[in-house]
1. Please order D273, D128 by the number of other Cβ within 10 Å, starting at the fewest.
2. Give the peptides 251-263, 67-79, 175-187 in descending order of average Cβ contacts within 10 Å, highest first.
3. With the calculation restricted to Cα positions, what are the radius of gyration and Dmax of the range 128-267 in angstrom?
4. For the pair Y222 and V244, how long in nm is the line joining their label points, each one 7 Å along Cα→Cβ?
5. For E98 and T36 in the same chain, what is the full-extension length gain: residue separation times 0.36 nm, less their Cα-Cα distance, in nm?
6. For the ranges 52-62, 26-36, 85-95, what's the packing order if you count other beta-carbon atoms within 10 Å of each residue, average per peptide, and put the highest first?
7. For labels at T118 and S82 in the simple 7 Å Cα→Cβ model, what's the distance in nm?
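All of the numbers you see were taken from the coordinates with simple rules; none came from a lab. These numbers come from a predicted model, not from an experiment. Heads up, the Cβs are rebuilt from the backbone with ideal geometry, glycines too, and the neighbour counts pull from every protein chain shown.
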Amino acid sequence: MTQRVHLNGATPHDLSIHGSFTKGIYRDAYPTIDPTRPELSQKGMVVMITGASKGIGRDALAPVFAVAGARAIIITARKATSLVDTVANLKSIDSSVEVLALDLDISRESSITAAFKTISEHFPGGVDILVSNAVSKTAADQWITTCDIEKCPIHFYASFHTTNTRGSLLLTKYFLTQPTTSKEKPLKRKIVYVSSGISYIVNPGQSADSFSKLIINQLAAYAHAESNEEIQVQAVAVHPGIFVTDILEDIYRFYAVDTNKLAGGVINWAASDEAEFMSGRYTTANVRLCVIPLILCYQNSSLRAYIVGCQRRLWNESKRSLTKIF
């Protein structure tokens, strides 16, 4: 059920607590999401990250997959020339990682087809993991917090849906139908959609963004549900936290204390085999991931093993005070 939120919190943690479905929350990285854990390794994987020229795409998502040992990282932006810093950062983390920087405007289908054509030439086996991070940056920024439904022009909603909805749908379609030389059956593909807390809370004036992000959550659900004998899809939608970026509205800046390592760690975790039980679901980066299986009440051996491992790590975290839980 959606929740109406009033942005008058007394501490920077109030909004994240309000949007969490676990009692404790995290605002920084912690051992469960450490990308150097063997269980979270992306060794041998080809990873594609959209919207990687700035913000969390550049500072959180691309770096974490390099740390996790990905074989190759494909980074995209509307203009590949804007990816110079991202490429340099990835090479500084792991000089052996293969980096491919591409022009990609996900609002244009022709741009997506061209990108996957280039990718297939470089990586015949295809992309293993897609991190869908590109978002709409409308020119009418002033409408974001003041545009109630009765006042909002339709073209404003169209701006969000062209990128956030249609673009993500096209990207998913071409990712799942990309050519591959792999003989694996079923073919395993993983998608992490960068969603937002606005997808399930109600903040007057933000209906356009909320509608589009809610669809992103459902896109993850359907990508998972429509897995078949030919292709097995693990798809998770993740709210990465609250950060100071060039597209963050002023009303949220008070709450923007999440770290890049938190966002990156959770996104990498969501793309790991350990997160298989989350496929088709939405989560936030702030929740205590070890508690989610207990909430879902799943009864299977792999999940029980995961819970036991989490319990050990939580115990060690509390003993060593590696992170603060609010």
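1. Exposure proxy ranking, most exposed first: D273, D128.
2. Taking the mean over residues of other Cβ atoms within 10 Å, the ranking is 67-79, 251-263, 175-187.
3. 16.6, 53
4. So the two model labels end up 3.9 nm from each other.
5. My answer for the length gained is 20.5 nm.
6. In descending order of packing, they fall as 52-62, 26-36, 85-95.
7. Calculated label separation equals 1.5 nm.
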